[in-house]
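Here is the structure we will look at, set down as C-alpha cells.
Every number here is computed from the coordinates shown, using simple stated rules; none is lab data. Not measured: the values here are computed from a predicted model. Don't worry about glycine lacking a Cβ; one is built from the backbone with ideal geometry, like all the others, and counts go over all protein chains shown.
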C-alpha cells in the first residue's frame with residue numbers, strides 16, 4: 001500500500017460512542033475520549049475536537065437535555081471564536097463549558113443559558129427544544 005494508506009502496527013481506529021451524521025460526536029481511541037462538532041461560519045466550515053472525560057460522556061448519554069445544551073452553546077461559542085478579532089476557544093474554555101452544561105445545578109445551567117442567549121442574541125432554549133424534538137422523532 002502507498003505510505004499514506006498503509007496502516008502501521010499498533011494504530012487504533014477510533015470508535016464512535018455517540019452522535020450520528022452531522023451532529024456532535026464522541027469517539028474513543030485507546031484511553032482517549034474526544035468530543036467533536038462541525039461548525040459553519042459564513043462560507044467556511046470547521047471541525048473542532050476537544051478531550052472529554054468518562055464522567056462527561058456518562059452525562060451526555062444519560063441526559064438528552066444537557067447534551068442538547070452543550071451542542072448549541074458549544075456551537076454558538078465556537079462560531080463566535082472563528083470571527084476575526086475574537087479569542088480562540090481553547091481546551092480550558094471547553095472544560096469550563098462542560099463543567100457548567102453537564103455538571104452544574106439546573107439553576108446555574110439556566111442562568112448560563114440566559115447569559116449566552118443574551119450575549120450572542122440567540123434563543124438557546126428554542127434550539128435545544130428543536131434538537132430534543134428531532135432526536136425523539138429519530139428514536
Legend entry - Residue list for the stretch 75-103, given a label point 7 angstrom along the Cα-to-Cβ vector of residue 44 and an amide N cut-off under 12 Å: 79-86, 88
Inset, instruction - Based on other C-beta atoms within 10 Å, arrange 122, 72 from fewest to most. - result: 122, 72
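Could you put 65, 127, 22, 35 in order, starting from the residue whose Cβ has the fewest other Cβ atoms within 10 Å?
Values: 65 14, 127 18, 22 9, 35 23.
If I rank by nearby Cβ atoms, fewest first, I get 22, 65, 127, 35.
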Inset, instruction - Using only the Cα atoms of the chain, each taken as one equal point scatterer with no solvent, compute I(q) by the Debye sum, divide by I(0), and report log10 of the ratio at q = 0.15, 0.19, 0.20 Å⁻¹. - result: -0.79, -1.21, -1.32
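Pulled fully out, how much extra length does the chain show between residue 29 and residue 111, if you take 0.36 nm times their separation in residues and subtract their Cα-Cα distance? List each step's numbers first, then the result.
Values: separation 82, 0.36 × 82 = 29.52 nm, distance 3.47 nm.
Gain in length upon complete extension: 26.0 nm.
What ranking of 71, 119, 23 emerges when the number of other C-beta atoms within 10 Å of each C-beta is taken as an exposure proxy, fewest first? All intermediate terms of the calculation are to be shown ahead of the outcome.
Details: 71 20, 119 11, 23 14.
Ordered from fewest to most neighbouring Cβ atoms within 10 Å, 71, 119, 23 come out as 119, 23, 71.
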Legend entry - Helix-derived mean residue ellipticity, 222 nm - over the chain, DSSP H n ≥ 4, -39500 (n - 2.57), to 500: -15000 deg cm²/dmol
Inset, instruction - Enter the angle in degrees (range 0 to 90, nearest 10) between the Cα long axis of helix 124-138 and the first principal axis of the Cα atoms of the chain, meaning the one along which they spread out most. - result: 50
